[in-house]
Every structure is written in structure tokens, then in C-alpha cells.
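One structure below.
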Amino acid sequence: MTFSISTTEDGLTRLAIEGELDAVSVSDLRGDLEKLLARQPARVDIDLSRLRMVDSSGVGALVSLYKRVRAQGGSVVVSGLRDQPLAIFRLLRLDRVMVGAEVAPTTPAPKSTTSNN
Amino acid sequence: MQVVSAVGEAFNNIVLHGYEGRDDGTIEMEIRTRPERISIEMRDYGSSFDPTTVPPPDFDSLPESGLGLFIIRSFMNISYAPGRPNVLTLTKTLDTQMPDEVHSDDPTEGAP
């Protein structure tokens, strides 16, 4: 598992995670997530387009991040889910909560109705 | 994919809970395959924990734990016999009706 965190001047933080996020690798991420939270970001975009596998520990860390950012008044949007991670997010009903409308792989949304920005 | 996820979760549960507080422990795995069925038996000598008695998580509260067991039970049939060893058996029948399968044909069904 590798990850990158970048922040823009307008408060947007981007977290990209690649590879396998599981009970072992998630410990590599936790310290940096704490630092991320300490900056109280207005918005965190989580790019999982290169995430190949996730387990419940990995999901738990992302849910924790989501809840804590929201508790600070910020927002979190997950994008790029596919394959196994997408199946897990759907199973755990997180796709309805954490995933941005732009990646919902169902009916394409009409232009004028679902802008979430 | 479902079998890999379920077995991984079960393995982690044994390490994290069955062998909690220990640096070592044994997990024996026996995999049996037939054309229409795969069965994985996992035996451990740690604390007994019957996963079949745990209620499903409350998804409305965005739980951060208890998800692994739900993943296992959604993807495979499960049986458990406590003892020495504890024996956890995960079974998946392929391409036939699964009595407890969570169907994901339309995951947006019922979404608010």
C-alpha cells in the first residue's frame, strides 16, 4: 500500500491510496491521517481509483476519517472505487454516504440536477 | 474475490481476537474444492468466539468495527465449533442459489 496526501491553498486536501489497504498496511496510514485531521481540512477528496483491495480494517480507518472530518465541519468525498473495494463499499452501504455523485456507476445524472459543489 | 475477502477477514479476526495479546499462534487452514463448491476450514487454539451469534452492524451509525464479520457472513456460509481447536468453516457454493447471499444486483435500491 502506498498513499499520498496533498493540500491546496483553498483548504482542499487530497488523499490517494494505492494497492492493498488492510489490517497490516493501515497502520502505515494512521499517523498521517492524524496530521491531516489536525489541519482541520474544509474538504477531503479520497481518490481510491488505484486501490486494489480493502478489508474491514481499511474501511474502518476511512469511516473514522469521514466522521472526524465531518465533526470538524468539513466534508469528505470518496471517488474512483472499482472492483473489490467498490463491492465492499456497496456491501457496507458506504457508497450512499461517502461516494461522490460523479462516480456513482448507475444511471448518468442529468447535468442540471446533481451538482454537489 | 468474495472468498479472498472473507478468508482474509476471518484470518484477521483470529489474529486480533482469538490470539489477542499474543505474539504467536497457529492457524491451520484446509481448503477443499469441488466444481461447484469451495470450503475453507480454519483451526485455531486461541480464545473461542462464536461469530454466528453476533448481530449485524447498525449501518445508520457508520460503524468502524464489526464490519469484518458482516463481510464474511455476506460472502460465505459460516459454521463454528468452539474447542481445541476452534474450527471455523467457510463455504461457498458457486453458480447456484445461495440461501443467505446478499444480492448486489442493484446496490442503489432503497437509497434515500
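Are any residues in the stretch B:30-69 more than 27 Å from residue B:94 (Cβ to Cβ) and away from chain A (no Cβ under 14 Å), and if so, which ones?
Matches in the stretch B:30-69: B:45, B:46, B:47, B:48, B:49, B:53, B:55.
The conditions are (1) assigned to a helix (DSSP H, G or I); (2) aliphatic (A, V, I, L, M); (3) surrounded by fewer than 17 Cβ atoms within 10 Å (Cβ to Cβ), and residue B:6 fails exactly one of them. Which is it?
The single condition residue B:6 does not satisfy is (3).
Quick one: in the stretch B:31-45, of everything that is β-branched (Val, Ile, Thr) and under 17 Å from residue B:88 (Cβ atoms), which residue is surrounded by the fewest Cβ atoms within 10 Å (Cβ to Cβ)?
Among those residues, the one meeting the criterion is B:31.
Quick one: which helices (runs of 4 or more DSSP H) lie wholly within the stretch A:4-117 and hold at least 1 residues that are out of contact with any Lys or Arg (no Cβ under 8 Å at 6 or more places or on another chain), at pLDDT 95 or above and hydroxyl-bearing (Ser, Thr, Tyr)?
It comes to A:26-38, A:56-71.
Would you say residue A:37 is in contact with a Leu (Cβ under 6 Å, 6 or more places away or on another chain), among the hydrophobic types (A, V, I, L, M, F, W, C) and over 26 Å from residue B:1 (Cβ atoms)?
So residue A:37 does not fit the description; no.
Please determine whether any residue of the stretch B:42-49 is among the aromatic types (Phe, Trp, Tyr) and under 16 Å from the mean Cα position of the chain (by Cα).
Within the stretch B:42-49, one or more residues are among the aromatic types (Phe, Trp, Tyr) and under 16 Å from the mean Cα position of the chain (by Cα).
Which count do you get for residues in the stretch B:1-35 that are in contact with a Phe, Trp or Tyr (Cβ under 7 Å, 6 or more places away or on another chain) and farther than 16 Å from residue B:76 by Cα?
5
Could you please give the count of residues in the stretch B:9-57 that are in a strand (DSSP E or B) and polar (S, T, N, Q)?
Total satisfying the criteria: 2.
What is the residue count in the stretch A:2-58 for residues that are aliphatic (A, V, I, L, M), over 17 Å from residue A:98 (Cα atoms), surrounded by fewer than 19 Cβ atoms within 10 Å (Cβ to Cβ) and in contact with a strand residue (DSSP E or B) (Cβ under 6 Å, 6 or more places away or on another chain)?
The qualifying residues number 1.
Could you tell me how many of the residues in the stretch A:66-84 are more than 10 Å from chain B (Cβ to nearest Cβ) and of a type outside the set (Gly, Ala, Ser)?
8
Does the stretch A:41-58 contain at least one residue that is more than 21 Å from residue B:69 (Cβ to Cβ) and either facing chain B (nearest Cβ under 10 Å) or of a type in the set (Val, Ile, Thr) (or both)?
Looking through the stretch A:41-58, at least one residue is more than 21 Å from residue B:69 (Cβ to Cβ) and either facing chain B (nearest Cβ under 10 Å) or of a type in the set (Val, Ile, Thr) (or both).
The values are calculated or read from the model by the stated rules, or taken from the named source; none is laboratory data. Values in this document were obtained by computation on a predicted structure and should not be read as measured data. Using ideal geometry, Cβ is built from the backbone for each residue, glycine included, and neighbour counts are taken over all protein chains shown.
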